[in-house]
Amino acid sequence: MRQVRPKKNLGQHFLTDLGIAGRIADTVDACPGLPVLEVGPGMGVLTQFLVKKDRPVRVVEIDAESVAWLHEHFAFMAEDIIGEDFLRMDLTRVFDGKPFVLTGNYPYDISSQIFFKMLDNRDLIPCCTGMIQHEVALRMASQPGNKQYGILSVLIQAWYDVEYLFTVEPSVFNPPPKVQSAVIRMTRNSVEHLGCDEQLFRRLVKTVFNQRRKMLRVSLRQLFADKMPPAAFFEHPFMTRRPEQLSIPEFVELTNMVQQVLQS
């Protein structure tokens, strides 16, 4: 069987450097004992190293040509090759409701969606590793006060500790992407409850960062529709700051302030 042709509509950039593939596979070692789900294995360059780990491995691939390749070259794991769209999967059935490590060489154009799904299933995914676009990795690991700090930074770091592990150059892919890549690891922190309405928290974070150049006293107004808060609300010290200046605990505090107004 000939090699799989990279498909632009699926954002496929196949890793060709076996040394880097081995390093990515080793990132799951920080979460020992858990089974592994690999997203977008393509022709199995990462899979071949993951299956050497002493743990169950399953792969999910949306590309039918890649699925056929995997069945031919990884026939021993036929029962563990899932030909589905990860974003539409019920993750509770992958390992019978047991927690697992998520990893992969993630397609650039859906990496944020993958991580939002991870957040929705955070009790199932105590550890997530893999390769993404360099710029996205910087945003995910960024701290308050940094220009990369944004929606992904806050929403992911509320639940996970994020490590930027190493940078990967375009030359090790077929076809080479136009940007650098990076390998990251996210490990579930000890937070069980944020201490606020989590849906409102997510809505608030997205709202203010969509107008990140504006002070919070301006961008927050979108949350109130016809019911504006009392003047005292806009006198809080937060209101003269921009969203990238707030820590996660401060976003939690702000969420509770907004909820109090909405419920009054």
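State all residues of region 167-190 that are in a strand (DSSP E or B), open to solvent by 30 Å² or more (accessible area, probe 1.4 Å) and of a type in the set (Ser, Thr, Tyr); if no residue qualifies, say none. Before the answer, list the steps.
Keep residues of region 167-190 that are in a strand (DSSP E or B), which gives 167-168, 173-174, 181-188.
From what is left, the residues that are open to solvent by 30 Å² or more (accessible area, probe 1.4 Å) are 167, 174, 185, 187-188.
167, 187, listed by residue number.
Listed residues 113, 143, 148, 133; which is free of Cβ contacts under 8 Å to residues at least 40 places away in the same chain, polar (S, T, N, Q) and surrounded by 15 or more Cβ atoms within 10 Å (Cβ to Cβ)?
148
Within region 87-117, the residues that satisfy the criterion of being closer than 12 Å to residue 156 by Cα and touching a Phe, Trp or Tyr at 6+ places or on another chain (Cβ under 8 Å) are 114, 117. Each residue in region 206-264 was checked for being more than 30 Å from the chain's Cα centre (by Cα), assigned to a helix (DSSP H, G or I) and surrounded by 13 or more Cβ atoms within 10 Å (Cβ to Cβ), and 4 of them qualify.
Within region 26-50, the set of residues being part of a loop (DSSP other than H, G, I, E, B), open to solvent by 50 Å² or more (accessible area, probe 1.4 Å) and either at negative phi or touching a strand residue (DSSP E or B) at 6+ places or on another chain (Cβ under 8 Å) (or both) comprises just one member, 32. Selection of region 42-52 for residues being within 19 Å of residue 100 (Cβ to Cβ) and at pLDDT below 95 yields only 44. Residue count for region 240-249, restricted to those that are free of Cβ contacts under 8 Å to residues at least 40 places away in the same chain and of a type in the set (Asp, Glu): 0. Here residue 164 fulfils each of the conditions (1) assigned to a strand (DSSP E or B); (2) touching a residue at least 40 places away in the same chain (Cβ under 8 Å); (3) open to solvent by 40 Å² or more (accessible area, probe 1.4 Å) apart from (2). Taken over region 75-108, the criterion of being in a helix (DSSP H, G or I), touching a strand residue (DSSP E or B) at 6+ places or on another chain (Cβ under 9 Å) and surrounded by fewer than 16 Cβ atoms within 10 Å (Cβ to Cβ) is satisfied by 79 alone.
The values are calculated or read from the model by the stated rules, or taken from the named source; none is laboratory data. These figures come from a predicted structure and were not determined experimentally. Please note: Cβ atoms are built from the backbone with ideal geometry, for glycine as well, and neighbour counts cover all protein chains shown. All accessible areas refer to the heavy atoms of the entire protein, side chains included, with ligands and DNA or RNA removed. Shrake-Rupley method; radii C 1.70, N 1.55, O 1.52, S 1.80 Å.
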